[in-house]
C-alpha cells in the first residue's frame, strides 16, 4: 500500500510539471504598451525610453505622452520647446488631449511660447468637445479683435478632420 501511495504521489507531482505555467510566461508587449505601463507607474525615464521609438514612427499617443513628460519636467528636465514639438505632432494627428494641452500652453502669457493667435486656433479646435473652455475662447477672441488679429487667427489651417480621444492623462495634470 505504501508503494502505491508513493507511486500515485510521484505521478501527480511529475505530471504537474508538464502543465504549462501561464503565469510565468513572458507576455510580449509592444514598446508603446511598455511605455504606457511605465508612465502609469510614474517611471518616467523608462516611459521615455519605450515611447521614443513609437513617437518617432508617428504614434500620436506616444507623442502626446512624451510632450507631457517634457511639459511638466517629469524626468527632471522641463523643456517647453520639446513639449511644444511633441504635443504639436500629436495634435496635428488629431489627438484631442494634446490639442487641449497646446491651447493652454500657448495661452499662458508667462511662458516664452505665449501666442494668442495659436492659442485661439487650438481653442477653436477643442471647443466643440470641451464647452467648459468657452470663456477662454471668448477672452482670446476679444483680445485678438482689439488688436486687429482675429482674422489672422481664424485663417490658420485646421488639423486633420479625424479627431480621436486616444490616451488622456490631462486629468492628472492641471491645465495652466
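Taking the options 48, 89, 68, name whichever one is within 13 Å of residue 159 (Cβ to Cβ), in a helix (DSSP H, G or I), at pLDDT 95 or above and under 14 Å from the mean Cα position of the chain (by Cα).
Exactly one of 48, 89, 68 is within 13 Å of residue 159 (Cβ to Cβ), in a helix (DSSP H, G or I), at pLDDT 95 or above and under 14 Å from the mean Cα position of the chain (by Cα), namely 89.
In contact with a strand residue (DSSP E or B) (Cβ under 9 Å, 6 or more places away or on another chain), under 22 Å from residue 58 (Cβ atoms), touching a residue at least 60 places away in the same chain (Cβ under 8 Å) and surrounded by fewer than 19 Cβ atoms within 10 Å (Cβ to Cβ) - does that describe any residue in segment 87-96?
yes
Which residue out of 163, 107, 147, 151 is over 22 Å from residue 43 (Cβ atoms), surrounded by fewer than 22 Cβ atoms within 10 Å (Cβ to Cβ) and touching a helix residue (DSSP H, G or I) at 6+ places or on another chain (Cβ under 7 Å)?
Testing whether each residue is over 22 Å from residue 43 (Cβ atoms), surrounded by fewer than 22 Cβ atoms within 10 Å (Cβ to Cβ) and touching a helix residue (DSSP H, G or I) at 6+ places or on another chain (Cβ under 7 Å) leaves just 163.
From the list 168, 139, which one is surrounded by 11 or more Cβ atoms within 10 Å (Cβ to Cβ), touching a residue at least 60 places away in the same chain (Cβ under 8 Å) and either in a loop (DSSP other than H, G, I, E, B) or more than 19 Å from the chain's Cα centre (by Cα) (or both)?
Of the residues listed, the single one that is surrounded by 11 or more Cβ atoms within 10 Å (Cβ to Cβ), touching a residue at least 60 places away in the same chain (Cβ under 8 Å) and either in a loop (DSSP other than H, G, I, E, B) or more than 19 Å from the chain's Cα centre (by Cα) (or both) is 168.
The values are calculated or read from the model by the stated rules, or taken from the named source; none is laboratory data. Remember, predicted model here, so these are calculated numbers, not experimental data. Methodologically, a virtual Cβ is constructed for each residue, glycine included, from the backbone with ideal geometry; neighbour enumeration extends over all protein chains shown.
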